[in-house]
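The values are calculated or read from the model by the stated rules, or taken from the named source; none is laboratory data. Keep in mind that what you see is a predicted model, and the values were worked out from it rather than measured. Cβ atoms come from the backbone with ideal geometry, glycine included; neighbour counts cover every protein chain shown.
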Amino acid sequence: MAHTQFVNSPKSFVADAIRGLTACTDDLAWHADPGYLTRRTPPERGRVAVLSGGGSGHEPMHAGFIGRGMLAGACPGLVFTSPNALQIDAATRAVDAGAGVVHVVKNYTGDVLNFRIAADLARERGVAVEHVLVADDVASDKGTDEAGEPVGPGMRGTAATIAVEKICGAAADRGDDLAAVAALGRRVADGARSMAAALRPCTLPGADEPSFDLPEGQIEIGIGIHGERGTERRDAMPARDLVRLLADRILASLRPADGDRLIAVVNGLGASHPLELHLLFGELHDHLAHRGLVVARSLVGSFTTALDMAGASITLIRCDDEILELWDAPTEAPAWPNAPSRRVHGPGAAAPSSGREEAPGGEASGAAPAPGRPDVRPPGIGAVGEWLGAWARRVIDEEPALTRLDRQAGDGDFGTNMVAALGRLDVEALRTASSPAQAFAAVSDAYLGHAGGTSGALFGVWFRRLGSAAADAGADAGSVVFAVPDLARGARSGLDAITALGGARPGDKTMIDALDPAVRALETAVADGRDTGATPSAAAALSSAADAAVRGAESTAEITARRGRASYIGEAARGVVDPGALVMAWLFEEASRAA
């Protein structure tokens, strides 16, 4: 039985909520296409704008912090899924007032990739962009390598994000330039650490089970704000003991000196009562005082949530006079406390814790191959659409299975993220009417414009590189065939592009584990044909690529993830096939059938 929530439809949940949010908020406007929020008040010319965003489900972050003195706008993704690059690009250009835009980005791969792509797009249009990366969750800290670089994707960005948004927004409001605002944000982010625990997991709208199983009487330590399970599980304990456990791990990473001043944030994750949160803060204040640390400012409440998760996070931030001045600066953002404390008192004695996107049209051409090119169609002018259409239908039909896999190895949004993109395609039109370059472009646009998350960015870039290879080969209008060497070239270009963007390599338990062997199989077929002087067989080449991709995907079941969200839960994801690798294997299987 589905979890009881106030929902019309899981598909319209975010849009329905935004409709109500804008209706009850004075200085907030929703731009439905491509989907971003800004202040209704026009930006003041010559001032830096601060823009943030991320998956929905964390409210009031980020939408509640739009207002004078904080954010100029925000980009909401689907629940627990990053916004896509086109949303962020449009929002960046909308809030720019001539002095540039600072992107505040949580360190989740999808957020990082889509904000990076959007920043490049905005710069091409003359908008200066700086970014501040927030990476504060010590539970996901896997240390650094010999070069001092983070192992894996690094710490997740969580509740410290609101502190960065507040400081950057106040600095922009007082007239600091782009570089100065970004530098302040980075200083706050570098000096912030967080950790969270849950008493009950969250449940996504429409789901019939929570994001992870947690028996009664146990606490999940080190959970993520996307519903990821924690790093360890313990029997229920007094709030005092839990606070000390979380705070000591934070302090071990933050390493403040005796007498250092801190901003202390106790943040509810969605279903914890204010009485519980204030109890936690009292214990935190006592423990920090015992450690010789000064709490200069406090913030207690639910600001960075994980839907209806029962739990809390603690965030500690090093501060100085300038940061405190900006923290205290007024803001009209509706979710920021209108009477924040400027002094922390001793707590006293303790008692005896969108719009539809159409697929491209156009008649499939039966033009003869250009002179000097082999008459090989892998999968050929009409068959590219057949290939992609069959694959899209397969992914959509298998969404429940993909979601189950991702719940075991991630945060459960992969299947819905796939459908968010591929459900926008007119599959039948794609199968019968698209030229190769147009078909690839349609799928790429669907991912970049509607999927969000890591998968949206990576699949979108992958298909865009295939489309470029088809266009370069002259297959954009069906005038020449899309031959095996062109497919191999486009596949390699796409692999290199998403490897550079996401940083994953074979063996990291990602889509790369299926894609890399498939690309190498295609390249081998091309090389063998070049050595023998024979035309590579499309059917044989794609069959070999499909077999390699399937073996690669199956191998991920025994891999301990080093990249992506599965890396946060480590050994707990062993035995589970990576859903991204599986979908990539399906792509080559359908290509083989189409050929």
Going through the range 180-212 in order, the residues found to be out of contact with any strand residue (DSSP E or B) (no Cβ under 7 Å at 6 or more places or on another chain), farther than 22 Å from PHE65 by Cβ and not in a loop (DSSP other than H, G, I, E, B) are none
Taking the range 463-486 and keeping residues in a helix (DSSP H, G or I) and either at pLDDT 90 or above or within 12 Å of ALA441 (Cβ to Cβ) (or both) leaves PHE463, ARG464, ARG465, LEU466, GLY467, SER468, ALA469, ALA470, ALA471
Of LEU316, LEU307, the only residue that is buried (at least 20 other Cβ atoms within 10 Å of the Cβ) and under 14 Å from ASP248 (Cα atoms) is LEU316
In the set ALA239, ALA182, the lone residue that is of a type outside the set (Lys, Arg) and not assigned by TED's automatic domain parsing to the domain that holds SER298 is ALA182
The residue that is surrounded by the most Cβ atoms within 10 Å (Cβ to Cβ), considering only those in the range 228-247 that are over 11 Å from GLY311 (Cβ atoms) and in contact with a Lys or Arg (Cβ under 9 Å, 6 or more places away or on another chain), is GLU228
Across the range 80-94, the tally of residues that are surrounded by fewer than 24 Cβ atoms within 10 Å (Cβ to Cβ) and out of contact with any Cys (no Cβ under 9 Å at 6 or more places or on another chain) stands at 3
Considering the range 256-284, residues that are modelled with pLDDT under 95 and not in a strand (DSSP E or B), and then whichever is nearest to LEU324 (Cα to Cα), we arrive at ASP260
The one condition GLY110 fails out of (1) of a type outside the set (Val, Ile, Thr); (2) part of a helix (DSSP H, G or I); (3) under 14 Å from the mean Cα position of the chain (by Cα); (4) at pLDDT 95 or above is (4)
Restricted to the range 289-335 and to residues being modelled with pLDDT of 95 or more and of a type in the set (Lys, Arg), the residue nearest to the chain's Cα centre (by Cα) is ARG318
Every listed condition ((1) modelled with pLDDT of 95 or more; (2) outside any loop (DSSP other than H, G, I, E, B); (3) not charged (D, E, K, R)) holds for GLY98 save (2)
Of the candidates ALA128, ALA139, ALA97, the one satisfying the condition of being touching a Pro at 6+ places or on another chain (Cβ under 6 Å), hydrophobic (A, V, I, L, M, F, W, C) and over 20 Å from GLY453 (Cα atoms) is ALA97
Counting only helices (runs of 4 or more DSSP H) entirely within the range 411-461, those with at least 2 residues that are crowded, with 24+ Cβ neighbours inside 10 Å, more than 13 Å from the chain's Cα centre (by Cα) and at pLDDT 85 or above are 414-422, 436-446
Just to be sure, is SER82 in a loop (DSSP other than H, G, I, E, B) and within 26 Å of LEU204 (Cα to Cα)? yes
Tell me, please, whether a residue that is in contact with a helix residue (DSSP H, G or I) (Cβ under 8 Å, 6 or more places away or on another chain) and at pLDDT 95 or above can be found in the range 336-356. yes
Inside the range 213-242, the number of residues satisfying the requirement of being outside any loop (DSSP other than H, G, I, E, B) and small (Gly, Ala, Ser) is 1
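Would you mind finding the one in GLY46, GLY20, GLY57 that is crowded, with 20+ Cβ neighbours inside 10 Å and modelled with pLDDT of 95 or more?
Matching residue, one of GLY46, GLY20, GLY57: GLY57.
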Taking the range 1-15 and keeping only residues that are over 20 Å from the mean Cα position of the chain (by Cα) and either surrounded by 15 or more Cβ atoms within 10 Å (Cβ to Cβ) or hydroxyl-bearing (Ser, Thr, Tyr) (or both), one is left with HIS3, THR4, VAL7, SER9
**Request:** State whether the residues of the range 113-127 include one that is part of a helix (DSSP H, G or I), out of contact with any helix residue (DSSP H, G or I) (no Cβ under 7 Å at 6 or more places or on another chain) and of a type outside the set (D, E, K, R).
**Result:** yes
